[in-house]
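Written out below as structure tokens is the structure these notes cover.
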Amino acid sequence: MTICLRRTEEDLAVTKDEVIETKTEGVKIVSLMLSRRILGKERVEGVEFVRTRPGEKRGKGKGEVVAIEGSEFVLSADSVIVATGQRPEPLRLAAGKRGEEVLKADPDSFSSSMKGLYVAGDYLSGPSTVIQAVGMGRRAAERIIRDLTGKPFREKTVRMEETEITDRKRAWDYVPRREMPTVQPVQDRFRTPRTEVETGLSAGQAQEESKRCYLCYLHYEIDIERCIYCRYCIDVAPRDCIKLVKEVKTNDAGAITGFTETTHWGEVNAIMIDNSRCIRCGECMRVCPVNCISVTRVELTERMAQGGDHA
């Protein structure tokens, strides 16, 4: 089997793992070729292609495909699967005063140009994953409830609670990514059409893989009012994540949005933890002589909307 691409392998909307598994199963992927016609009278005998080259980019999308005239060639084949993109078949509404109209949908509200009809999933977004489609269906259902009752069903909220030191080990930074186990040898994948190629991580493998998580929902913070600028936290930090700060930037709500770093003690107005680099090892908390470092669990979650009866 051969997959023929107008563009290159890097332009495929798939993961690298999928490409690797495809090649492992003996499928060839060839690039920069555009089909012109299928050859054969009684049956398929081949496909005529022409070579292509990348053209100019169209905004933020993919670049144009330019055919190189005179580069025609034929690839032998006994069957052809045409996969030139996926898009939903337009749903045409009944003809009215303006004639036949194509259904239009709003990706934000999921509502359509037909009253009472909501659209979600691949019809609205184009090709996506099952998880994305299920999530969109859930949001669409909540939007329908809101439109019918005039009240929101759920609302997003930030939950914050103090937590204990995490003791995430520095060595976990170097735990390699667990590769997904697959059916081996490859020939066994073709014994039945229902064979699942990916067999899943074992409990031990999943636990080892979880060590790679940086626990981003845990927020380490230094109480500037209590800090005595002893530098102990900076000295023990395994990564460059604790900063000498000249200026702290905040928004209208008082939340910290950024800071200006400095290397001169005469300019220091605060010592701050850069949570984008912190590995949550807790070393800074252990050495702080004035106990001015705290950990807060911060999670974006949902709750039933306040002030409404949804029974």
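The values are calculated or read from the model by the stated rules, or taken from the named source; none is laboratory data. Keep in mind that this is a model prediction, so the values were computed, not measured. Here the Cβ positions follow ideal geometry from the backbone for every residue, glycine too, while neighbour counts run over all protein chains shown.
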Any hit, segment 218-231, residues being of a type in the set (Ser, Thr, Tyr) and surrounded by 16 or more Cβ atoms within 10 Å (Cβ to Cβ):
yes
Within segment 172-199, considering residues that are acidic (Asp, Glu) and assigned to a loop (DSSP other than H, G, I, E, B), the one surrounded by the fewest Cβ atoms within 10 Å (Cβ to Cβ):
196
Taking the residues in segment 258-276 that are over 17 Å from residue 218 (Cα atoms) and among the polar types (S, T, N, Q) as candidates, determine which candidate is surrounded by the fewest Cβ atoms within 10 Å (Cβ to Cβ).
263
Pick out the one residue from 254, 266 that is at positive phi and among the small types (Gly, Ala, Ser).
254
Go through segment 28-62 and report how many residues are touching a residue at least 24 places away in the same chain (Cβ under 8 Å), under 25 Å from residue 18 (Cα atoms) and assigned to a loop (DSSP other than H, G, I, E, B).
3
Give 19, 27, 14 a once-over and let me know the one that is more than 24 Å from residue 70 (Cβ to Cβ), under 27 Å from the mean Cα position of the chain (by Cα), of a type in the set (A, V, I, L, M) and modelled with pLDDT under 90.
14
